[in-house]
1. Springs between alpha-carbon pairs under 10 angstrom, Gaussian network model over the chain: which of G184, G143, G217 fluctuates most?
2. Could you give the C-alpha radius of gyration of the chain expressed as a fraction of 2.2 N^0.38 Å, taking N as the number of residues it contains?
3. May I ask you to derive the relative contact order of the stretch 188-274, considering only C-alpha pairs under 8 Å and at least 6 residues apart, and to give it as an integer percent?
4. Placing +1 at every Lys and Arg Cβ and -1 at every Asp and Glu Cβ, with all other atoms neutral, what dipole size does the chain have around its Cα centre, in debye to the nearest 20?
5. Rank these for me by crowding, I148, I281, I200, going from fewest to most other beta carbons within 10 Å.
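Throughout, read-outs are computed from the coordinates displayed, never taken from laboratory work. Please read these numbers as outputs of a predicted model, since none were measured by experiment. Please note: Cβ atoms are built from the backbone with ideal geometry, for glycine as well, and neighbour counts cover all protein chains shown.
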Amino acid sequence: MYIFPINKITLFYTNICNLKCKHCFVSPLFNENQKMSNETFLKSLAFCKYNEIKKISISGGEPMLFWNDFKSLIKNFFINENIYFSICTNAYWAQNTTERLKILEDLKKHGVSRLEISTDSYHQEFISLDTITQCIVDAQNKGLDVIITICFENLLNEFNTIKKINKVISDSKNIRLKYVSNFGEAKNNCINTKPNLSLIEGYKCNQIGCPVITYTGNIYACCGPAFTLNNSNFYLGNINKNLIDEINSTLYNNKKIESLKKHYLCNLVPNYKTLFNSNKINSTCELCLYFMS
Ligand code: SF4
Ligand code: SF4
């Protein structure tokens, strides 16, 4: 058994979203609108406490659509347990200044440490870059950390976004650039996401072993696109049906997860160049799924 600390957990609180981005990898889950029950949310927090996980992130869909629901369950949990709590959002709620300032105050009051805001040419079809830059300034002034995730297929398309964000963000290290994952809408929209092979060579995924708990209580070993495919190789159990020790044991006894944590992905799939060059695989996540299957 290979035991490692779980650095972070993601609660995939809902598949409901108010946008329809062309590159969205969770879009295959949009059909049936669902959100996490209070019971599943509280069991997820208990799982984090038991495993001494100090970083929790909540994502979707758009979890801020349900802020008033889950904030009542948080009470002082994050403050008392000294947990670094992040919310992933498209920042739709930040368009009106009064509302934005009120919500930021409320987030701070409930022990939220960080906003992880997604913006790029896809999101900006719906939410303007000016809204995002203003939100960054106001959030930082309230004492919240801010991370900006910018997805790209062609980095040049995001040049203006990166430049403007760089002017207002407290640390340029808080800008995360991510290749669009070739799943969901990105696949439907035929977005060309072929990454540079030299980047693949130095790639060790930091999401493996950082589980995601979905709104149904299913728990997967990775919070990337794999869980949207119901890939059984990543499945660890269900928070409502399995004991925490059973879930942990499934995680720590999976030899492939152990390999992914220890080795570069390309070393685990020696024929990776052929796979990329023949277009059988177009992203690191697809390569990872190839290795897992
Ligand atoms: S990328 Fe995010 S904001 Fe856009 S549709 Fe998907 S979940 Fe919603
Ligand atoms: S590379 Fe693998 S472990 Fe990492 S996010 Fe993609 S599917 Fe998950």
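1. Top of the fluctuation ranking is G143.
2. Against the compact-globule rule of thumb, the ratio is 0.99.
3. Taking the mean separation of contacting Cα pairs over the length of the stretch 188-274, I get 30 percent.
4. About 480 debye.
5. If I rank by nearby Cβ atoms, fewest first, I get I200, I281, I148.
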